[in-house]
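The values are calculated or read from the model by the stated rules, or taken from the named source; none is laboratory data. Note that the coordinates shown come from a computational prediction; the quantities given were computed from them, not determined experimentally. Please note: Cβ atoms are built from the backbone with ideal geometry, for glycine as well, and neighbour counts cover all protein chains shown. Keep in mind that these areas ignore ligands, DNA and RNA; they rest on the heavy atoms of the full protein, side chains included. Shrake-Rupley method; radii C 1.70, N 1.55, O 1.52, S 1.80 Å.
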Amino acid sequence: MKSLRNYIDKIKPNFEKGGKYEKLHSTFDAFETFLYVPKTVTKSGSHIRDVIDLKRTMSVVVIALLPALLFGMYNVGLQHFRAIGAPETSIMGCFWFGFLKVLPIIIVSYVVGLGIEFIFAQIRHHEVNEGFLVSGMLIPLVMPVDAPLWMVAISTAFAVIIGKEVFGGTGMNVFNPALLARAFMFFAYTPYISGETIWVAGLTGGKGIIDGYSGATPLTQAANAIAEHADKLTFTSTPLDWLIGTIPGCIGETSFIAIMIGAVILLVTGIASWRIMVGVFAGGLGMGLLFNLIGANIYMQMPAYYHLLLGGFAFGAVFMATDPVTAAQTNTGKWIYGLLIGIMAVLIRVVNPGYPEGMMLAILFMNAMAPLIDHYVVAANIKRRNKRLITVK
């Protein structure tokens, strides 16, 4: 490592002002800061030293995503081999198949996203921020495994350019980039991110698939039951399957246990807000209980806690809603923000089965409302303080 440090120091002058490759300074700086913690601090104005910087923050989030990613790879293989009726496939066999299916999606996400960020940094003569280290991992985890790679590339490009760079880059974006990528794909290429054939690898082609096999997610099954005016809500999987994650779904969203491991990492390290997480789960559970009281149809009669285990609810609550850039910033605002996300997610699922997931739209809507929430929270605090103000004449 010392020899690498010496080599970087040796070639560094070539990328600084007046050097042979000064135009590539942003690119060089990005690689240097990725390998080593920079020695520079803020040069003027008041600032607070902290043991954690943006790179460390992003690294912790990526580590927290690993349980969901690794289980997602295993589940991709498991669902595929179930679909073709393969007997007793080993854990490693399932994982290796899933690894080979998921890896290209991850590579496309990072190559496209980082490539665009490098280009913008060079044009603006700014440093390349580490923000996409997390977004580049989140995008594959919220995609169906059979999503065409070129669609993933276009969705990623849209999220980075329209959702991030036009606002000024990392820390300036209004909407969560990973959710924007999913939303773009959902509305631009709907057949490739909805239905029953895109959640299981190989199901789209239909070759070798056993008769009667369905790749429908539990949320899709619930939405279909409402659309068909069924008398009973039935699932082909159990709550235990939802807890473990051995069901069709987005790559990283199926395992509640794996997601909760990531949640513990984020909370222990202080990266994510516990207020937002608790608020989202409380809002979703409360809305589910309210629908239980109404009981107008079989979907409303479904146990409220089912909503917390199904679809991307847990993943959204832990990794998407807690994004420090797009979430509310005040403590009271975080409670309001989280509660409304949980309420809206379940509301969308039940009232409009055309959007069986609900979590994506709920978070994106509340991303837009977060500044307004903070504004009124701060205004209320100022009003309370003004009432306590004693004017001295």
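Values computed for the structure shown
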| quantity | calculated |
| --- | --- |
| Computed FRET value (nearest 0.05) for residue 369 with residue 62, which takes r as the C-beta separation and R₀ as 30 Å | 0.60 |
| Extension reserve of the residue 329-residue 211 stretch, reckoned as 0.36 nm per residue once the Cα distance is removed | 37.3 nm |
| Average Cα contact separation per residue, the stretch 109-266, under 8 Å, 6 or more apart, as relative contact order % | 21 |
| Heavy atoms of residue 161 accessible to a 1.4 Å probe, total area in Å² rounded to 10 | 60 |
| Heavy-atom accessible surface of the chain: percent carbon and sulfur, 1.4 Å | 66 |
| Most fluctuating residue given options 311, 205, 195, as computed from a GNM of the chain linking Cα atoms under 10 Å | 205 |
| For the chain, accessible area per residue (1.4 Å probe, heavy atoms of protein chains only), Å² | 50 |
| Rounded accessible area of residue 96 (nearest 10 Å², 1.4 Å probe) | 140 |
| Read-out Cα extents along the principal axes in Å, derived from the coordinates shown; its label in [x] 72, 70, 35; [y] 69, 45, 38; [z] 71, 48, 32 | [x] |
| Length gained when the stretch residue 6-residue 100 is fully extended (0.36 nm per residue, less Cα-Cα span) | 30.2 nm |
| Extension gain (nm, one decimal) between residue 226 and residue 380, 0.36 nm per residue minus Cα-Cα | 51.2 nm |
| Most mobile of 137, 369, 360 in a GNM of the chain (Cα contacts under 10 Å) | 369 |
| Vicinal HN-Hα couplings computed from phi for the stretch 225-242 (Karplus, 6.51 cos²θ - 1.76 cosθ + 1.60; Hz; Gly/Pro x) | 5, 5, 5, 8, 6, 5, 8, 9, 8, 10, 10, 8, 9, 10, x, 5, 4, 5 |
| Largest-first ordering by accessible area, 1.4 Å probe, given options 385, 349 | 385, 349 |
| FRET efficiency for residue 243 and residue 301, using Cβ-Cβ distance with R0 set to 25 Å, rounded to 0.05 | 0.75 |
| Spin-label pair residue 388/residue 189, simplified geometry with 7 Å Cα→Cβ offset, distance in nm | 5.5 |
